[in-house]
Amino acid sequence: MFATMEDVFTTLFGSKAGELYVLQCMAYIMIFMAGTTFLTLLFENVPYGRYASSKYGFPVNVKFAWFVQELPAFLVPVYLVLGTSALKLSQMCNRFIVAMYFCHYAHRSLIYPFLIRGGKPTPFVSFALAFVFCIYNGYLQIRYLSHFAEYPADWITHPCFIAGFMLWLVGFLVNVYSDHILRNLRKPGETGYKIPVGGMFEYVSGANFLGEIVEWSGFALAAHSIHSTAFAIFTFVVLSSRAVAHHRWYLEKFEDYPKSRKALIPFVY
């Protein structure tokens, strides 16, 4: 007889308690990764987009890279939900939080890549690291939520959950709308960079990054676990660095760049 995936997990981890311990270790490893990434980004920008460099490997088509690297963050959780017992999804709260995750990655992996206009190729190293991270994080978040996370019966009406969901929703909408603004800066046939205007770009240079940081911070508040918190911390480290780099780049490239516009936090920084 063929072994089920639950049998495979049992063989790998020995017990449910063993797997839960591994998931917790993975969350702490992600926090450690955030710390080392923070130190690295003090000296160098994440090498993709306008900061792409040939020293990080051969170029990968930008649409192909975004589609393939993000797809595991969608497909791994789909399998964990549909191909395993996923007993905790009998609880409304767990289903709601998992749906928040899927909403983002359905858009990021199945829609966003095919809306990209132009864009520089992604260095292979950046592409490969993103692919591995999406597998890692997809398993970490959804395996915990679908098999281990337990919440009080009234958690879905708790202020933490409600505030988290609202932050997630606002962040998601800001992120999607900001990406829309960036895509439509150039008219057909135009090349080069332009100053983004509209939406949260009136206040910060990294409006799309701000939206995603707020989104995953809200997710962490609603999910209320070390696993979701680790992801929010990692997201903040990577995207805040990118927002600051973009802000500095805009100021250097455009003499008429709005001086009142901040890098990431409106009116503050």
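Derived from the Cα gyration tensor, the three semi-axes of the equivalent ellipsoid of segment 176-225 are 29, 11, 7 Å, largest first.
Taking 0.36 nm per residue of separation and subtracting the current Cα-Cα distance, fully stretching the chain between LYS259 and PHE32 would add 78.2 nm.
Estimated from helices alone, the mean residue ellipticity of the chain at 222 nm is -21500 deg cm²/dmol (sum of -39500 (n - 2.57) over DSSP H runs with n ≥ 4, per residue).
Given 0.36 nm per residue, what is the gain on full extension from ALA128 to SER53 after removing their alpha carbon distance, in nm?
In short, 25.5 nm is gained.
Figure note: ILE97, ILE29 ranked by solvent-accessible area, largest first, 1.4 Å probe, ligands and nucleic acids not counted: ILE29, ILE97. With contacts taken as Cα pairs under 8 Å and at least 6 residues apart, segment 36-151 reaches a relative contact order of 49 percent. Filter the trypsin sites (Lys or Arg not before Pro) in segment 147-249 to those in DSSP coil with at most 13 other Cβ atoms within 10 Å of their Cβ, and list the result. Passing both the DSSP loop test and the Cβ count: LYS194. Of the heavy-atom accessible surface of the chain (probe 1.4 angstrom), what whole percent is carbon and sulfur? Percent of accessible area from carbon and sulfur atoms in the chain: 70. DSSP loop GluC sites (Glu not before Pro) in segment 183-269 with at most 14 other Cβ atoms within 10 Å of their Cβ, which ones? Qualifying residues, ordered by number: GLU190, GLU255. Beyond 21 Å in Cα-Cα separation lie the following of the pairs LYS63/LYS120; LYS120/LYS253; LYS55/LYS262; LYS120/LYS194; LYS55/LYS253: LYS55/LYS262; LYS55/LYS253.
Please sort by residue number the chymotrypsin sites (Phe, Trp or Tyr not before Pro) in segment 223-258 whose DSSP state is loop and whose Cβ has at most 12 other Cβ atoms within 10 Å.
Details: sites: PHE231, PHE234, PHE236, TRP249, TYR250, PHE254; in loops: PHE254.
Hits after loop and neighbour filter: PHE254.
Over the C-alpha atoms of segment 219-269, the Rg to Rh ratio, Rh being the Kirkwood estimate, stands at 1.17. Rounded to the nearest 20, the size of the Cβ-charge dipole of segment 1-119 about its Cα centre is 420 debye, with Lys and Arg at +1 and Asp and Glu at -1.
For VAL197, the accessible surface of its heavy atoms amounts to roughly 90 Å² (probe 1.4 Å, protein chains only, rounded to the nearest 10). For the chain, the percent of C-alpha pairs falling in each 5 Å distance bin, counted from 0 to the bin holding the largest distance, reads 1, 6, 11, 16, 19, 17, 13, 9, 5, 3, 1, 0, 0, 0. For VAL60, the residues whose amide H sits under 5 Å from its own are THR122, PHE124, ignoring neighbours fewer than 5 places away on the same chain, with H placed 1.01 Å from N. Can you work out the FRET efficiency for the pair LEU82 and THR10, with r the C-beta to C-beta distance and R0 = 22 Å, to the nearest 0.05? Plugging the Cβ-Cβ distance into 1/(1 + (r/R0)^6) gives 0.70. Accessible area per residue for the chain, computed on protein heavy atoms with a 1.4 Å probe, is 51 Å².
The values are calculated or read from the model by the stated rules, or taken from the named source; none is laboratory data. Nothing here was measured: the structure is a model prediction, and the numbers come from that model. Please note: Cβ atoms are built from the backbone with ideal geometry, for glycine as well, and neighbour counts cover all protein chains shown. Just so you know, the surface numbers come from the protein's heavy atoms only, side chains and all, with ligands and any DNA or RNA stripped out. Shrake-Rupley method; radii C 1.70, N 1.55, O 1.52, S 1.80 Å.
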